[in-house]
Structures are given as C-alpha cells and as structure tokens.
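Engineer: There's a structure below that I have some questions on.
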Amino acid sequence: MNCVGGRYQLLGELGRGGTSIVYLAVDNVLQCKWTVKEVVLEQSNQSADVLKQALRAEIAILNRCDNPYIPRIVNYFEEGNRAYIVRDYVQGNPLSYIVSKNGAQNIKFVIRIGIELCEILKYLHNLHPAVVYGDMKPSNVMINHDGHVKLIDFGAAQELRTIQRENLMNSSNVTFGTKSFAAPEQFSNLGLVSVQSDIYSL
C-alpha cells in the first residue's frame, strides 16, 4: 500500500463512505497505528472547496472534544487531489457488524451501549456552542475490545449556531445524514435541525 504524508504507511481498508475511504495505517515515525481517512477532493457531485470546508469543520469540532468515547484527531494534510485526516485507531468492530454477525444483542449490552451513546450526545449537546452529531447509525458506533463505545465519523457534525445562522440566511442545510437513521428534518429545507435530531436517530 501507499505511504502518505511522508510517514503513514497504509496497511489496508477499514471501510468506505460516500466521499471517503478509511484505512488502517502505521506511523513510520512513532511506530504506532492510526486510522487515516482519505477524501478525494475533486468529485463530480461536490467541489474541492466544499469538501475542504466540510473537512475543516469536522476537524474544528473534533479538536474541541475531550471525551474518552470520541477518538482524537492527530493530523490533517492535503496531498495531490486528496485530503487526509489521521485519528486514533479503535480496535474493535462497528455495531452494524456485531449485529449482522450475531443477531439481536442481549438487553444488558443494549442498555450499556445506549447509556454510553446518551453520554456522548449529552457531552456534544452541552458544548458551547452545542454540536449536532448528525449521523448516528450502527456503522458509526465502534465497540472496542473492552466492550465500550467509540463514536466515529464526524463528517455530518455541525455547531448548532452554524445551523441557526444558515437558517436565518435562508440557505438550505447541506446534510450528510443517512436515510433510515437521520431525523426527517435533516432532509428538508425548513431549517428545523437541532439537538433533538440526534435523539431521534439514537
């Protein structure tokens, strides 16, 4: 696999979304593993400037977070026509994989994971300004080897004041939420997205 950023050796693909691919990487300088999110900046449906703006907003939000359930951002760089976000590597599996492999989970597991997700949302919603996560779904909920939650992929996250400002300017909200999980208002132009939208998704 390729080496990016002069130090991050990509070992293999961990997953992919609509605009990005996520890799496991080893840091040739620190000799440790990270997760590297790669985004192609020239895409037919979005301009490079829009994607860069979204990535920088994601990084700004994550840099405000200091929570054991949220992986840290450790680096961001652009190389060629691609941008890369380097963050903590979470050893474990997404909730979507656990359910697809093992079926419905026992009630103790469901309650414990539910409480941890509530704690994450409470943390984000109590930040000043509040953060709306925007894409709560099983594939974004990692369960680490200790059985605890790590919430990944903040690509849809927005500060509530940003949403409110866009509403006042009558500009439509651009959302990257996932149908079947996101609240209905995330796909309307009525400007009603709020912290309650995350609770709906949960």
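The values are calculated or read from the model by the stated rules, or taken from the named source; none is laboratory data. These numbers were taken from a predicted model, which means no experiment stands behind them. Positions of Cβ are generated from backbone atoms using ideal geometry, with glycine treated the same way; all protein chains shown enter the neighbour counts. Ligands, DNA and RNA are stripped out before the accessible areas are found, and what is left, the full protein with its side chains, is counted by its heavy atoms. Shrake-Rupley method; radii C 1.70, N 1.55, O 1.52, S 1.80 Å.
Engineer: Once phi is turned into θ = phi - 60°, what whole-Hz ³J(HN,Hα) does the Karplus curve with 6.51, -1.76 and 1.60 give for every residue of the range 112-118, x standing for Gly and Pro?
Structural biologist: Computed from phi, the couplings for the range 112-118 are 5, 5, x, 5, 5, 5, 4 Hz.
Engineer: Using only Cα atoms, locate the centre of the range 28-73 and the centre of the range 141-159, then give the distance between them in Å, rounded to an integer.
Structural biologist: Here the two parts' Cα centres lie 14 Å apart.
Engineer: If you don't mind, another one. Can you show me the helix-derived [θ] at 222 nm for the chain, built from DSSP H runs with n ≥ 4 at -39,500 (n - 2.57) apiece and divided by the number of residues, rounded to the nearest 500.
Structural biologist: The helix-only estimate for the chain comes to -9000 deg cm²/dmol at 222 nm.
Engineer: Can you compute the charge dipole magnitude of the chain about its Cα centre, using +1 on each Lys and Arg Cβ and -1 on each Asp and Glu Cβ, nothing else charged? Give it in debye, rounded to the nearest 20. Show your work: numbers first, answer last.
Structural biologist: Working: 19 positive and 19 negative charges, 63 e Å.
The dipole of the chain has a size of about 300 debye.
Engineer: Sequence gap at least 6, Cα distance under 8 Å: using those rules, report the relative contact order of the range 13-95 to the nearest whole percent. Don't skip to the end; give the middle numbers.
Structural biologist: Details: 114 pairs, mean separation 22.2, N = 83.
Value for the range 13-95: 27 percent.
Engineer: Follow-up question, since we're still on this one. Round to a whole number: what % of the accessible area of the chain belongs to carbon and sulfur, probe 1.4 Å?
Structural biologist: Ligands and nucleic acids excluded, carbon and sulfur reach 52 percent.
Engineer: Treating cross-link reach as a plain straight distance, find the lysines whose alpha-carbon is under 29 Å from the alpha-carbon of Lys122, omitting any fewer than eight places away in the same chain.
Structural biologist: Partners within reach: Lys37, Lys52, Lys108, Lys137, Lys150, Lys179.
Engineer: Quick one: if you stick a label point 7 Å off each Cα along the C-beta vector at Leu192 and Ile115, how many nm between them?
Structural biologist: The two pseudo-label positions are separated by 3.3 nm.
Engineer: Determine, from the Cβ-Cβ distance of Ile21 and Asp49 and an R0 of 25 Å, the FRET efficiency 1/(1 + (r/R0)^6), rounded to the nearest 0.05.
Structural biologist: 0.75
Engineer: Heavy-atom accessible area per residue, the chain, 1.4 Å probe: how many Å²?
Structural biologist: Averaged over the residues of the chain, the accessible area is 54 Å².
Engineer: Here is a follow-up. To the nearest 0.05, what FRET efficiency results for Asn126 and Ser96 with a Förster distance of 25 Å applied to their C-beta separation?
Structural biologist: 0.35
Engineer: Same structure, new question: If I take every Cα pair under 8 Å that is 6 or more residues apart in the chain, average their sequence separation and divide by the length, what percent do I get for the relative contact order? If you can, show how the numbers build up before the last one.
Structural biologist: On the way: 327 pairs, mean separation 31.6, N = 202.
Relative contact order here is 16 percent.
Engineer: Quote the charge dipole size of the range 41-158 about the Cα centre in Debye, to the nearest 20; the model charges only the Cβ of Lys and Arg (+1) and of Asp and Glu (-1).
Structural biologist: 340
Engineer: Something else now. What order do you get for 78-85, 27-34, 147-154 when each peptide is scored by the mean count of other beta carbon atoms within 10 Å, highest first?
Structural biologist: So the peptides 78-85, 27-34, 147-154, ranked by packing, come out 147-154, 78-85, 27-34.
Engineer: Ordered by packing density, taken as the mean number of other Cβ atoms within 10 Å over each peptide's residues, highest first, how do 128-139, 10-21 rank?
Structural biologist: 128-139, 10-21
Engineer: GNM on the chain, C-alpha springs below 10 Å: top fluctuator among Asp146, Asp66, Asp88?
Structural biologist: Asp146
Engineer: Additional query: Between (1) 0.96; (2) 1.73; (3) 0.99, which entry matches Rg/Rh (Cα atoms, Kirkwood Rh) as derived from the coordinates of this structure?
Structural biologist: (1)
Engineer: Continuing with this model, one more query. Give me the percent relative contact order of the range 3-44, please, defined on Cα pairs under 8 angstrom at least 6 residues apart. Write down the numbers at each step before the final one.
Structural biologist: Details: 68 pairs, mean separation 13.1, N = 42.
With pairs under 8 Å counted, the relative contact order is 31 percent.
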